[in-house]
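**Student:** Take this structure, written in structure tokens, and hold onto it; I'll ask about it next.
What follows draws every value from the coordinates through simple rules; no lab data is involved. Keep in mind that what you see is a predicted model, and the values were worked out from it rather than measured. All Cβ positions, even for glycine, are placed from backbone atoms using ideal geometry, and neighbour counts span all protein chains on display.
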Amino acid sequence: MATQKQQKQLRDMDGITHIMDRAELAQHLKISTKKVDELVKCGLPYFLVQNNRRGGIKRFRLLDIHAWLDRQTELAK
């Protein structure tokens, strides 16, 4: 799990959790956008921002992503 220090680092100056789109998340994690899509299918948390397209646009909260990755690492041990 993310430590309090890590959680604080993942927040911006206003205390709002960083929110990223798919490309930004891929860049942050140093993976491809295709890999992000694969991780979404495996349960990577996201939320939808409504628009006029099919269902909405996926957005990712950085704290949720790091917490999910931490859980996956613990499960793999």
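**Student:** For Gln50 and Ala76, what is the calculated FRET efficiency with R₀ set at 35 Å and r taken between the beta-carbons, to the nearest 0.05?
**Tutor:** Details: r = 35 Å, r/R0 = 1.00.
So the FRET efficiency works out to roughly 0.50.
**Student:** Just to check I understand the Karplus step: with θ = phi - 60° and J = 6.51 cos²θ - 1.76 cosθ + 1.60, what whole-Hz values come out for the range 42-52, glycine and proline as x?
**Tutor:** With the stated coefficients, the range 42-52 comes to 8, x, 4, x, 8, 9, 9, 9, 5, 8, 7 Hz.
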